[in-house]
Amino acid sequence: MMDVDVAANLKSVIERIRKAELRSGRNPGSVKLVAVTKKVPVESITKVINEGISDLGENRVQELIKKQEQLPDVKWHLIGSLQTNKVKYVLGKTVLIHSLDRWRLAETISRMAVKKGLTADVLVQVNVSGEETKHGLLPEEVEDFVSEAVKLPGLNIKGLMTMAPFVDNPEEVRPIFKELYKIKQKLAAKWPGIRLLSMGMTNDFEIAVEEGADLVRIGSAIFRGNTG
């Protein structure tokens, strides 16, 4: 990995989040930054922890477990796809699973959580863009899914997550974030505990903040010097 000024990059990202909050009339500090540590060595991760970042996101279960053992005092988020046979490894080690995308996974998380005597906080992943390469429920499936999933013991649905397509002009994905916000508002009217939106990455996080993101998942702009 090239020599990157992680602290300076982080400062720039936080400043951009704050400006986006102000532009959209949101309170400064209302958006939480989840620093994505995929393929990032522990020594680089330590630099963001030293700058006050306590929420870290991993895509792969194996990598999350390995890093969590070395850095147990931060809040780990699983942001990547989760296989049912890996659920037992992440429960109790993550503060939030962002990628609940199917019924079998909901049942597995519920069963394993009950077995461990804990409650798993999760976000339902929604494939707003409809891309075949993306995981997630289609927007029209979300309400029916949630109405059943909220009945499962040990499972606490806290909100929704989406991934927008990677495009040259981030403005193109604004409608996707608007749509997820609209779905969340509809669900929150029935289930007030559903209030978080995880959306926005390095390429489009400012748009996501303007459209109501509560959590942004940013890796490259911090750890690789890609500020685009």
- Query: Among 116-127, 3-14, 27-38, how do they line up from the highest to the lowest mean number of other beta-carbon atoms within 10 Å?
  - Reply: 116-127, 27-38, 3-14
- If you place +1 on the Cβ of every Lys and Arg and -1 on the Cβ of every Asp and Glu, how big does the dipole about the Cα centre of region 142-183 come out, in debye to the nearest 20? 240 debye
- Residue-averaged 222 nm ellipticity for the chain, from DSSP H runs of 4+ at -39500 (n - 2.57), nearest 500: -11500 deg cm²/dmol
- Which trypsin sites (Lys or Arg not before Pro) from region 148-228 combine a DSSP loop assignment with at most 15 other Cβ atoms within 10 Å? Lys151, Arg195
- Task: Round to a whole angstrom and tell me the spacing of the C-alpha centers of region 142-162 and region 1-80.
- Result: 26 Å
- Task: Beyond 21 Å between alpha-carbons counts as too far, so tell me which of Lys11/Lys32; Lys38/Lys134; Lys66/Lys158 fall in that bin.
- Result: Lys66/Lys158
- GNM result for the chain, Cα springs below 10 Å: residue of Arg174, Arg104, Arg60 fluctuating most strongly: Arg104
- Query: Amide H to amide H, which residues 5 or more places from Leu137 or on other chains are under 5 Å from it, using H placed in the peptide plane?
  - Reply: Gln125, Val126, Asn127
- Message: Give me the dipole magnitude in Debye, nearest 20, for the chain about the Cα centre, with unit charges on the beta carbon: positive for Lys and Arg, negative for Asp and Glu.
- Response: 760 debye
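Read the figures in this text as sums done on the coordinates, not as results from a lab. Computed from a predicted model, the values in this text were never measured in an experiment. Neighbour counts are summed over all protein chains in view; Cβ atoms, including those assigned to glycine, are modelled from backbone coordinates with ideal geometry.
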